Amino acid sequence: MASPAIDQVQLSRQLYVMGMEAQTRMAQSDVLVVGMGGVGVEIAKNLALMGVKGVAIHDPTPARWADLASNFYLSEADAEAGTPRASACLPKLAELNSSVRVRLHTGSLGATDVSRFAVVVGCCLPLADQLALNAACRSAGSAFVLAEAMGALGVVFCDFGSSFVVRDPTGEEPVVRVVTAVTSEADGVVTVHPSERHGLSPGDAVTFDGIQGMTELNGCPPRRVTSVLDGHRFRIGDTSGFAPFQPGNGHVKQVVQPLTVSFEPLDVSLERPTFVATDFAKTSRLAGTHALWRGLHAFRGRDGGAGRLPAAWDIGEAEEVLALAEGEGCGGSGASTFQASAPEGCAPPPPDAALSREAATRLACASSATLSPMCSVVGAMAASEALKACSGKFTPISQWMYLEASEALPPAGALTPADCAARGDRYDGQRRAVGSAVQDQLCHSSWFVVGAGAIGCEALKTLAMMGVAAPIPGSGPASSSSSSGAAAAAADSSTAAGSAGAKADRVVVTDMDSIEKSNLSRQFLFRAADIGLPKSATAAAATAAMNPLIRVEAMETRVAADTEDVFDEAFWRGLDGVVTALDNVEARLYVDNRCVQFGKPMLESGTLGTKGHVQVVLPGSSVSYGSTSDPAEVSVPVCTLKSFPSKIEHTIQWARDWFEGEFAQAAEAANAFAADSAFLATIAGTPTRVETLERVVGVFASASAAAPAQPSAAAAAAGASAASPLSPVARACAAWAREQFESLFNHRIAQLCHTFPADATNDDGLPFWSGTKRRPRPLAFDPADPLHRTFVASAVRLRAAMLGTEVQTDTEESVDALAAAAAATTVAPFVAKDEQIARDDEELAAMQEAKGDGGDGGVAAGLEARLAAFGAAKGRHFAVIAFEKDDDLHASLLAAASNLRARNYGIEELDVMQTRRIAGRIIPAIATTTALVVGLVGLELFKLAQTQLARRGPAVAGRVRTKPITDHRDAFVNVALPVLTVTEPMECPATIVRLPAGAKYVPPGLSADAVDVSVAREWRVTMWDAVDLKGPMTMQELLDWAEEQFGMEVDSVNIEMATLYNATMASMPMRAAVTRQRASMTIPKVYEAVTGTPLPAQPSVQLLVTLAPPEEDDDDEEEAEGPELPVVTYWMSPEELDDLRAASATRAEA
C-alpha cells in the first residue's frame, strides 16, 4: 500500500507529538463512530482534525432540543425538524479536514460491516447495544472503544483484542547521556555526567556508543536497567568479562521497547473490571462508581432495553438506580456498595471512603443531562484511545476509566424535577443537571477569554454550549441588552472593553494573531478560507454560529500593562471570571495579577503535546498562578555553543545565532553604516566591534561583486528580479556561501583541534577531550554531498534576497550549478595560529576583560579601510531577514548549518522538521489534549456559577450552596500514558494582623455593622485582600489614612524597587526639609522626585505598604517587624493620568 500524503504544514504541531510513522498509520485507518450526541460529535471532530483516513458516523436518532446543550453542530432548526443527528453533523464535520473523508454509515453493525474499520467507537448506547457491538468487533478483529457521558459521570472502556502491540508506550524522547564510568562486575554500574540526571527506571532498555576501553558495550543488544542507585548511577547486569572502561565521549541511549497488552471483552470485563484512577482521593470509589454505571444501565434496560434514564432530580427514581447497583446483577456488594452519607452538620466521610450514597444519588439524579464539558472530556479521551488503536503509539486505557464529578452538581435535595423541567430551548439538556437558577446565572454572566488559539477555540465552544452570556430572549434581567450573536461578534473592537461601566452579559475574546495553516489541525473554529484573518473575530463569528444567542465581542488588543486604558477598572470589575488561553508565562502572570487585584476567578490551562494542566484560581481561598513558578530555564554556556557542543540542541542554537547574525544583524549594521556617518564611532569600543565590521564588509563585498546584476529602476519598482544560477549575483552569493562553509566547518574546527590537540589534558591530568567535550573533525567541501549542497543553495537564496534579488534553486540543475560555483571558489588554506580559546565561560570572561576595548585595533582599522572602498555602494539598502520558524527556506538553511556542525562533532543529526521545532521553540500540540483540558475547565465553571448564584442570596439561589475549595479540582493529564489526575487546589496562605482598638478597617466581605472597631481584633490577611486608594492623594494623606484605618503608623511605602517613604529616614534631622516637601506631593510626584522619571501612563500603580510594629513589641529582644499590607492599588485621578500621558509624550519626542 502506498503511503498517504501527509500535509506537514497543517499537521506540523501534531507531527511533533505523533511522529511521521504513527501519523502515516493513522492516515491509513478508517474509524466508525456510532452515536452522534455530544460525545460522538466530539470524537468525530477530534479524529477528523488529527488526520485519520476516514470517519464514518452512524446515528439515525432525530435531533432534540436537549442535544443542543452539547452537540455544537446541531441547530435549532435541526431540533425543530427532528433531523437525524448524523446527517445534520456530516457537512460541518467534513469541513474540518479536506484530507479526511467523513461519510454516513447507514448499514447494519454486524461483524462484516465493522470489519472495514480499524476502530469502532460506541457512544452513549444502551449496554445491550454496546455488548453486541463489542462482540462484532472481536469477531472482525477491530478495536472497540466505549464512550459515555451521563450528566457528571463519564466513562471510557477499551478492548483492542487479546494481543495488542504498543510500539511506543510513552512518546517521550529516548534518554541520551554522557557516560563517565562503567564498572566491571556482576552487576555493572554506569555513571553519567553530573550535568544531567539519567532519568531511567528499572526495566528500561539501553544501549551504548562511543565507549572507550569497554568497547563490548558499543552497539550491544539492548540491556535492561536492573536497578537505579541514584540520579546519576544505575546497574545494567554482568560486565565482569569486559575490558576496563576508559574516559572518553561515550554515550548511553535509551531504547524504546514495544509493549504487548491483552484486553478482555466487554462482557467479561464488566464482571472483573480493571480501572485507571483519575482522582486519587476517590480510588476506593471506583467499584461503587462502576456498580452505579451498571445500575443506570439496568434502569435504562427495563421494558425491553429501550427505556430512559432516571428523571432529572427525581429522588425516588435515583433510589431505584442505587438499589439496582447494589444488586448482584450489577456487581454490587449489597448495602456496603455506597458509603452512608454524613448527617447534617457532621464531618463528611474520609476521602478514601467508598462512593457515598449522597454522591451516587446526585449522579443518578443528573444522569439524563448532557453537559458539554463532560462530553469534551470523554470525547477527547475516547478519540485518543481510538488513535492509539490506529497508530500503535501510546499506552491504552486498561480497561476502564471513570471521571466522576459529583462535586460539580448541586447537593442532593437542592433541586426538584420542577426546577429542571424542559422549556423547549437549547439548554434543556443541561438544565436537567444544574437547574433553572444556575442556568440563568450562566446565561447572565460575563467572561473574558484571553487568547483565541487552540484552547481559546475550545473554550469559546464550551461557553457557547453552556449558555454563558447567551440568555433566552425574554428571560431574566439581561434580556434588554442590545447586541447578540453574530452582531455582537462584529462589535467595534475599539469600544468592546472600556465601554463597560456596568456589568454586561457578554463574552469578550482577544487575540492579536492571524490564522495560519498550521493552526487548522487543532483550532477547530477556523477553516482554510480563514487563513490570514484575525483569530479573535473569526472565532467569535464561528461561536455565534454555534449558539446565536451568545453575546460575544472580539478584540485584537494585547492584555498587558500598556493597555490598561482599554482593559480598565470598569472592564475588570464587570467580569464574572477569566479563562486564559495563553502560550507564554509572562502574559499568564499579568492576567493572574489583575485577577488577584480585582478578586476574579481565573481558569488557567495549557498543553504540551500529550500533556496538559488545569489550575483553578479562586478569590479568597486558593493560591494564584503566580504563587508558584516553574524552574528557571537553564541557559547553555557560551563556550559550549562556540566550541564544545555535545547535543544537537547546542548545534541548533549555534546555527540560529549564526543565521540571525548573517541575515538580520549584518543587514541592520550595513544599513546603519550606509545611513549614519557616525556608525563607526558608535561601535568603537564595543565587545563585538570586529565581528560587526566583518559582517558589514561581507555584505558590501557581496553587493559589490553582484553589482552587474542590479535591476534597473523600473525593475526595482516592480519588485525583485530573478537571476540565473550563473549570474554575477548567484556567483557572488555562492562564493560567500563557500567562504562561510570553509570558515565555519573547516578552519575554525581545525584551529580548535590545533589549540587542543588529541592528547591535551586538563589541569587535573585527565584527557581534555572527554565527558561532554567531543573532539571535532574539519569538513572538506564536497559539491556532491546532499547536506553541503543544501547549505549552499539555501544560503545563496537568502543572501540574494538580502541583496534585493532572487536566485533560482528550484531545480536539480540550478543546485548543481551553484554547488559547482561554490566548489570553484578559491579559498585561502587553513593556517594555524597561536590563538587562545576559552575552555569555559569563566575563562572567556577573563579574556574579554583583558582585551579591554573589545577588539584588535589593527584588525578593526583594516576592516574600516576596506569599508571606505565601498563608498559607491553606500546608497544601498539591504533586506533584514529574521529567522521565521514556519519559512521552509529558513528552516532548511538552519537545519543544514546545524547538521554540518553536528557532523563536525559526531553528534546525531536531525531532520528539518525537528530542527524547526527546537529552533522555533514550537509547542507540540494535538486536538485531543486541548479538548480534554478545556472540558475540565468547563466543569469548574459550573461550580463557580453555583457559588456566584449562592452569593446573590437565598431568595435567588434557593437551596444552591457556595462551593468550597475542596469541591474544585486542579488537573494534570497525559493522554499518552494515560493519566488524568485531579486534585484539590492549594489553599492560599494567610497572615494574622492584630488590629488595635480604634482601627477602622473592615475587611472585604464584612459589613461595618458586623465589626466592633472599638476592640482589638485579628485580621486574617491573604493575597486576595486588596486595598484600593483613589487619587489624587498626597503622601501625608496616605500616612494619615493608614494610621486611621489600621491603628499603626507606616514604616515604608514602595513602588517596586523605589522607596517613596521610610519612617527611619524621615525622622532624621538632615532629611526634615525633604520629608516636609514630599509630604505635600501626590504619590506620582513623589515617585518622580525619588527616581527622576515619571510613572508609566497607566490608570493604576501598586504600592507596597509596611506598617510600623505595634508599640507593645518595643521590648522584644529582637527588632519586631511590622505587618505588610496586602496589595494597595493607587488609582490615578483623571488629572494625574493626563499629566503622566503628557510626560510620556514628552519623553517619546525627546
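Please treat every number below as a calculation from the coordinates, not as lab data. Predicted model, so just to flag it, every value in this text is computed and none were measured. Using ideal geometry, Cβ is built from the backbone for each residue, glycine included, and neighbour counts are taken over all protein chains shown.
What size of dipole, in debye to the nearest 20, comes out for the chain about its Cα centre when the only charges are +1 on Lys and Arg C-beta atoms and -1 on Asp and Glu C-beta atoms?
I would put it at about 3640 debye.
Based on the Cβ-Cβ distance from GLU319 to VAL1015, what FRET efficiency comes out when R0 is 56 Å, to the nearest 0.05?
Efficiency for this residue pair is about 0.60.
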Counting only backbone N atoms under 15 Å from a point 7 Å out along Cα-to-Cβ of ALA281, the residues of region 980-1009 in range are 981-988
If unit charges are put on Cβ atoms (+1 for Lys and Arg, -1 for Asp and Glu) and the dipole of region 1-132 is taken about its Cα centre, the option from GLY54, VAL17, CYS123 lying farthest towards the positive end turns out to be VAL17
Filtered hits (lysines, Cα-Cα < 17 Å from LYS45, offset >= 8 within chain) -> LYS53, LYS92, LYS388, LYS461
Per the rule of 0.36 nm per residue minus the C-alpha distance, extending THR274 to ASP565 adds in nm 99.2 nm
For the chain, percent of DSSP beta bridges that are antiparallel (nearest 5) comes out at 60
Label model pair THR981, SER333: point-to-point distance (7 angstrom along the Cα→beta-carbon line) in nm is 2.6
Between ARG1141 and SER1007, the two model label points (7 Å from Cα along the beta-carbon direction) sit apart by a distance in nm of 4.0
By Cβ neighbour count within 10 Å, fewest first, ARG839, ARG362, ARG506 rank ARG839, ARG506, ARG362
Taking the dipole of region 646-906 about the Cα centre (Lys, Arg +1; Asp, Glu -1; charges at Cβ), the one of THR826, TRP658, ALA678 that reaches farthest to the positive side is THR826
The summed charge of the GLN808 Cβ neighbourhood (under 15 Å; Lys/Arg +1, Asp/Glu -1) stands at -1
Calc'd 3J(HN,Hα), region 274-291, phi into Karplus 6.51 cos²θ - 1.76 cosθ + 1.60 (θ = phi - 60°), Hz, glycine/Pro = x, comes to 10, 10, 9, 6, 10, 10, 5, 7, 10, 4, 6, 8, 4, 4, x, 5, 4, 5
Around GLU216 (Cβ within 15 Å, Cβ-to-Cβ, excluding GLU216; K/R +1, D/E -1) the net charge comes to -2
For P(r) over Cα pairs in 20 Å bins from 0, in percent the list reads [x] 10, 32, 35, 20, 2; [y] 10, 31, 25, 20, 11, 1, 0; [z] 9, 27, 31, 23, 9, 0; the calculated value is entry [x]
Whole-Å distance linking the alpha carbon centroid of region 757-794 with that of region 1-55 is 42
For ALA94 and ALA760, extending 7 Å from Cα along the Cα-Cβ vector and measuring point to point gives, in nm, a value of 6.7
So, relative contact order of the chain in percent, Cα under 8 Å, 6 or more apart, is 11
To the nearest 0.05, the calculated FRET efficiency linking ALA750 and VAL9 through their beta-carbon distance, R0 being 35 Å, is 0.30
Counted neighbours (other Cβ, 10 Å), sorted fewest up, put LEU1006, LEU104 in the order LEU1006, LEU104
The extension gain from GLU668 to ASN218, computed as 0.36 nm times the residue separation minus the Cα-Cα distance, is 157.1 nm
So for R0 = 51 Å, FRET eff. of ARG116-LEU229 from the Cβ-Cβ r, to 0.05, ends up at 0.45
Counted neighbours (other Cβ, 10 Å), sorted fewest up, put LEU910, LEU355 in the order LEU910, LEU355
Relative contact order of region 747-844 (C-alpha contacts under 8 Å, at least 6 apart) in percent is 30
The extension gain from THR966 to ALA681, computed as 0.36 nm times the residue separation minus the Cα-Cα distance, is 96.1 nm
Applied in sequence order to region 559-572, the curve 6.51 cos²θ - 1.76 cosθ + 1.60 (Karplus, θ = phi - 60°) yields integer Hz couplings, x standing for Gly and Pro, of 8, 7, 4, 7, 10, 6, 6, 8, 8, 8, 4, 4, 4, 5
In order over region 186-198: 3J(HN,Hα) from phi, Karplus 6.51/-1.76/1.60, θ = phi - 60°, whole Hz, x for each Gly or Pro, gives 4, 9, x, 9, 9, 10, 9, 4, x, 5, 9, 7, 6
